[in-house]
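The values are calculated or read from the model by the stated rules, or taken from the named source; none is laboratory data. None of the values given here were measured: they were computed from a predicted structure. Counting neighbours? That spans all protein chains shown, and the Cβs are built from the backbone with ideal geometry, glycine included.
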Amino acid sequence: MAIFGGQKNQTDPVTLAQQQRQREQQEVDSAFRQGISEMRDFIAPSSLEIESSYFRLGTMYGRSFYVYGYPRQIFTGWLSSIVNMDEEIDLSMFIYPVASQVVLENLRKKVSQLEAGLQIDAEKGRVRDPAKQSAIVDAEELRDSLQIGEERFFRLGLYITTYAKSLEELDFIQHKVETVLGQQLIYSKPATVQMEQGLNSTMPQFTDQLQVRRNMNTGALATSFPFTSADLTQENGILYGINMHNNGLVLFDRFSLENANMVVFAKSGAGKSFAVKLEAVRSMMMGTEIVIIDPENEYERLCDAVGGSYIRMSLSSTTRVNPFDLPQVIDQDDADNALRSNLITLHGLMRLMMGGALSPNEEADLDQALIDTYAKAGITGDPLTHQTPPPTINDLYETLLHMQGSGPSMAQRLRKYTTGTFAGIFSQQSNVDINNNMVVFNIRDLEDELRPVAMYIVLNHIWNKTKSDKRKRNLIIDEAWQLLKYQDSANFMFSLAKRARKYYLGLTTISQDVEDMMSSQTGRAIVSNSSMQLLLKQSTSAVDVLSAVFKLTGEEKKRLSQFPVGQGLLFAGQNHVHIQIIASPTETSLISTNPEEMRKVQEVAARAQEAYQVMTQANNTGNIAANQHSVTPTPAEPTE
């Protein structure tokens, strides 16, 4: 047995060799693993230095805070000001449920202590303490809610870590965070001498190493819901761009607001026309009609691409627009006022054509002349007469010429529009058909003196069409400051902005001359009657004006002159987002006015045309060859 046992315990040489090989293999594997770059090696910072009041993570400085004090009442969304702060911030919330029975027992003891304290104060004749009474009321309400199951009890730990490139910037961000919270009576402190624990508590590790918690019931905890960032997304609407606050999509329907009016301000080259064209193309896909006043021939390529009507307004064109046209309305109330409304519009137009304000006598004579001119054409206040062909400026000229008083002198001032230099374009019956999904009125070739008159008449013509056919429609007025230079046309635009909502019309006003528009009372009124505002990159001189009008914050004011092309601020009702406007390559090719991009588009189109011609020639050659092979040869005649 002893010999057998001794032989049993002897080590086999094969086993020793295997163990040696295993040890060598483990050493090799260990050395190999040390030389492999793992995922944590890529995401880990180059260094981490912990100080008492801050830490340094690579080249960035950081500081952690904890919230320790809350007011008696807090409101829903109070945390959104921190979530949407334009700084690098990590925010962590730890929520611990507490058994209701434990809370009820503690509340019972607390209420007993508070009531005893009030009783002692009353016996000693002390002044009533409102804080104790409020605490009793709150505790009793919470006891009732917990008892019937309406509320539950939790403990909340809220920690914030901020990052900056320097200690000075870090101190500024700390002051910014503490100010935002302090305005709501929420108090925070830096995690001094606990920066490592604060960093770990705000990293996605699910470790609460600071353990600074505050009791919260369900209602108070719900107000701390963190996902309340500035958002502008609806189920119905078009894509305006990317929300730079949270990288979400800005999907919105402007007709869901109080009114569908919109103003766009930007310096030249900032992308305002690009943004408006993009909105127009995408709105058409949702069934919206687009009408555009184009002063610089920027919309022709887009109009041709979508099969729209492009109308050139000039003295040499065949286009005619009669300002005496009456709208074909359906509503009886609107029909009764159609003539009177057009007479008021014509008063403003005649003042514009005659070069200035009219005296009271001239106003009275003009009013009578307009009524008489319509009457001679058979049109009166009776809606049944409104189907009669309307008169023209030529008819008004003849009426004024044969009137007593100031009529002949006003007729002479109108003569250049009837038989003079500007005759034809506005003195004949209309031949413009705007029954199209996109209609563009080009006024680039009009003389400067005639341009405000043309825009006034075209707007009135569009307005008459809008009143007669109520449907979702956008009216885009580019370089609107040209209209605002003249009081009558400015008043007409203001009236249009106020009345558009009733007729399902959205007015888009575009201007790069912000100071001129905002310096006039009418221009500011148009802005105030627009529920949407888009502010792209501005000149330094215009930033102060816009900041005062839109109540911009210091950060928004600073960035407004530094935005890259295509970025800006979008206001839509109560929503306010930083937006990046984006377009697909196809959309860019249709709407861009950048010479370089247009050149690339033309080169691509030329190459496509050459390829098409080559393919066509190849097909034609192949067809000819096929036809030659398919011809049946004629049999030879027999020889004698």
Consider Asn435 carefully, then state whether it is out of contact with any Leu (no Cβ under 9 Å at 6 or more places or on another chain) and modelled with pLDDT under 85. yes
Single residue of Asn259, Asn297 found to be part of a loop (DSSP other than H, G, I, E, B), surrounded by fewer than 19 Cβ atoms within 10 Å (Cβ to Cβ) and not basic (Lys, Arg): Asn297
Can you go through Val102, Val98, Val127 and tell me which one is surrounded by 14 or more Cβ atoms within 10 Å (Cβ to Cβ), among the hydrophobic types (A, V, I, L, M, F, W, C) and either more than 29 Å from Gln209 (Cβ to Cβ) or in the same structural domain as Leu210 (by TED's automatic domain parsing) (or both)? Val98
In the range 465-490, what residues are buried (at least 21 other Cβ atoms within 10 Å of the Cβ), in a helix (DSSP H, G or I) and polar (S, T, N, Q)? Thr466, Ser489
Only one of Ala497, Ala454, Ala525 that is buried (at least 20 other Cβ atoms within 10 Å of the Cβ), closer than 20 Å to Met262 by Cα and among the small types (Gly, Ala, Ser): Ala497
With the condition being in contact with a Leu (Cβ under 8 Å, 6 or more places away or on another chain) and closer than 30 Å to Ser166 by Cβ, I'd like the helices (runs of 4 or more DSSP H) fully within the range 25-132 carrying at least 1 qualifying residues. 80-83
The lone exception for Arg155 - which of (1) touching a residue at least 60 places away in the same chain (Cβ under 8 Å); (2) within 28 Å of Leu570 (Cβ to Cβ); (3) not hydrophobic (A, V, I, L, M, F, W, C) it fails: (2)
Only residues that are of a type in the set (Ser, Thr, Tyr) and either in contact with a Phe, Trp or Tyr (Cβ under 9 Å, 6 or more places away or on another chain) or free of Cβ contacts under 8 Å to residues at least 24 places away in the same chain (or both): list them for the range 388-408, please. Thr388, Thr392, Tyr397
Qualifying residues in the range 252-290 (those that are among the basic types (Lys, Arg) and touching a Phe, Trp or Tyr at 6+ places or on another chain (Cβ under 8 Å)) - the one farthest from Gln574 (Cα to Cα): Lys277
Among the residues of the range 160-207, what is the count of those that are in a loop (DSSP other than H, G, I, E, B), among the polar types (S, T, N, Q) and farther than 26 Å from Ser47 by Cα? 2
Regarding Leu156, is this residue over 14 Å from Phe55 (Cα atoms), surrounded by 19 or more Cβ atoms within 10 Å (Cβ to Cβ) and either in the same structural domain as Met93 (by TED's automatic domain parsing) or of a type outside the set (D, E, K, R) (or both)? no
Is it the case that the range 324-346 has a residue that's assigned to a loop (DSSP other than H, G, I, E, B), over 19 Å from the mean Cα position of the chain (by Cα) and of a type in the set (Ser, Thr, Tyr)? no
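Here's the yes/no breakdown for (1) farther than 18 Å from Ala220 by Cβ; (2) in contact with a helix residue (DSSP H, G or I) (Cβ under 7 Å, 6 or more places away or on another chain); (3) touching a residue at least 12 places away in the same chain (Cβ under 8 Å):
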| position | (1), (2), (3) |
| --- | --- |
| Ser30 | yes, no, no |
| Arg40 | yes, no, no |
| Phe55 | yes, yes, yes |
| Arg63 | yes, yes, yes |
| Tyr70 | no, no, yes |
| Ser81 | no, yes, yes |
| Gln101 | yes, no, no |
| Glu105 | yes, no, no |
| Leu114 | yes, yes, yes |
State whether the residues of the range 504-518 include one that is part of a helix (DSSP H, G or I), among the aromatic types (Phe, Trp, Tyr) and assigned by TED's automatic domain parsing to the domain that holds Met284. no
The condition of being of a type in the set (A, V, I, L, M) and in a loop (DSSP other than H, G, I, E, B) holds, among Met350, Met410, Met403, only for Met403
From the list Gln533, Gln521, Gln538, which residue is touching a Ser or Thr at 6+ places or on another chain (Cβ under 6 Å), in the same structural domain as Gln487 (by TED's automatic domain parsing) and not hydrophobic (A, V, I, L, M, F, W, C)? Gln538
Restricting the range 500-513 to residues that are surrounded by 20 or more Cβ atoms within 10 Å (Cβ to Cβ) and more than 19 Å from Pro452 (Cα to Cα), the residue that is modelled with the lowest pLDDT: Ala500
